[in-house]
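Worksheet: one structure, shown below.
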Amino acid sequence: MHLNISEIFYSIQGESLYAGLPCVFIRLSGCNLRCAYCDTQYAYNGQKAMSIDEILDRVEGFSCPLVEITGGEPLLQDETPALVDALLAKGYLVLMETNGSMDISRVSKKCVRIVDIKCPGSGHVDQNDLANLDRLSPVDQLKFVLTNRTDYEFARDLIFDTWQQESLPVPAPIPVPAPILFSPVHGCLKPTDLAEWILADHLNVRLHLQMHKILWPEAGRGR
Ligand code: SF4
């Protein structure tokens, strides 16, 4: 059993509720989308084939309890669920970031599934598998990457339409099945604008900045 690997590296987790923690990243090759703001285009094409045992050996060398599988799109590869299971069996806390276009239930619920919902600015709003909203568990996280006000309104309205059948403004926090993150595209949408919009609408979401972009604004691969 082999997976196509783009890179394996050790860095600071930057895109979830685990942001700020040291983390080993396993970046898988291949993606079925081409988001307008994609910063990992180098992961589109196949790189090195590695067995699960080889990946586990490499991860072990970093002596880090937190591991994230990312891409590309991890769910494109048939062996990804087995890799998740193997990492869990070794006792790692496992995160898997997915672009939200594929069924997340193929991967163990013991893994923290960080699920994107693509907004219009990505160019792929029609490819969301919205059935994933019913597949979330409380340990999972839902993430909206936002480029502008249109994206914000799309995300806000989807949350309200899905979990609260009332019109704005809402008087109480919305009950949601998993934490929701609103993340502005670095250098595209001002975080302060997004903060003001969230406050104005009383949204029960977390404003999330891409920490690795703040720490290493010029970095490419391996960060
Ligand atoms: S899903 Fe992720 S890796 Fe794929 S094109 Fe979009 S941003 Fe890039």
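The table that follows gives values for the structure above.
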{"quantity": "Pairs with Cβ under 6 Å, 6+ apart, first in region 39-51 and at positive phi, second within 16 Å of the ligand (Cβ to nearest atom) and not in a strand (DSSP E or B)", "calculated": "none"}
{"quantity": "Residues located in region 81-102, provided they are of a type in the set (Val, Ile, Thr) and part of a helix (DSSP H, G or I)", "calculated": "VAL84"}
{"quantity": "Answer residue from region 34-55, given it is among the small types (Gly, Ala, Ser) and near the ligand (Cβ under 10 Å from one of its atoms) and is farthest from LEU75 (Cα to Cα) among those", "calculated": "ALA36"}
{"quantity": "Condition check for VAL67: more than 30 Å from ASP161 (Cα to Cα), β-branched (Val, Ile, Thr) and surrounded by 14 or more Cβ atoms within 10 Å (Cβ to Cβ)", "calculated": "yes"}
{"quantity": "Failed item, numbered, when LYS190 is tested on (1) over 11 Å from HIS208 (Cα atoms); (2) of a type outside the set (S, T, N, Q); (3) in contact with a Leu (Cβ under 7 Å, 6 or more places away or on another chain); (4) at pLDDT 75 or above", "calculated": "(3)"}
{"quantity": "Count of region 57-108 residues which are under 17 Å from the mean Cα position of the chain (by Cα) and of a type in the set (Lys, Arg)", "calculated": "1"}
{"quantity": "So SER63, is it of a type in the set (Gly, Ala, Ser), assigned to a loop (DSSP other than H, G, I, E, B) and either without any contact (Cβ under 8 Å) to a residue 12 or more places away in the chain or more than 11 Å from the ligand (Cβ to nearest atom) (or both)", "calculated": "yes"}
{"quantity": "Some residue of region 14-21 being hydrophobic (A, V, I, L, M, F, W, C) and over 15 Å from MET211 (Cα atoms)", "calculated": "no"}
{"quantity": "Qualifying positions in region 116-143 - of a type in the set (A, V, I, L, M, F, W, C) and either surrounded by fewer than 21 Cβ atoms within 10 Å (Cβ to Cβ) or free of Cβ contacts under 8 Å to residues at least 40 places away in the same chain (or both)", "calculated": "CYS119, VAL125, LEU130, ALA131, LEU133, LEU136, VAL139, LEU142"}
{"quantity": "Residues (of a type in the set (Gly, Ala, Ser) and either farther than 21 Å from LEU75 by Cα or within 13 Å of the chain's Cα centre (by Cα) (or both)) located in region 12-30", "calculated": "GLY14, SER16, ALA19, GLY20"}
{"quantity": "Flag for CYS31 being part of a loop (DSSP other than H, G, I, E, B), in contact (Cβ under 8 Å) with a residue 12 or more places away in the chain, closer than 30 Å to VAL125 by Cα and within 16 Å of the ligand (Cβ to nearest atom)", "calculated": "yes"}
{"quantity": "Test set (1) surrounded by 18 or more Cβ atoms within 10 Å (Cβ to Cβ); (2) assigned to a loop (DSSP other than H, G, I, E, B) - ASP78 fails condition number", "calculated": "(1)"}
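Residues checked against (1) within 16 Å of the ligand (Cβ to nearest atom); (2) within 27 Å of THR147 (Cβ to Cβ):
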residue: ALA19; (1), (2): no, yes
residue: ASP57; (1), (2): no, no
residue: ALA82; (1), (2): no, no
residue: THR98; (1), (2): yes, yes
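The values are calculated or read from the model by the stated rules, or taken from the named source; none is laboratory data. Predicted, not measured: the structure shown is a model, and the values here were computed from it. Cβ coordinates were reconstructed from backbone atoms using ideal geometry, including for glycine residues, and neighbour counts include every protein chain displayed.
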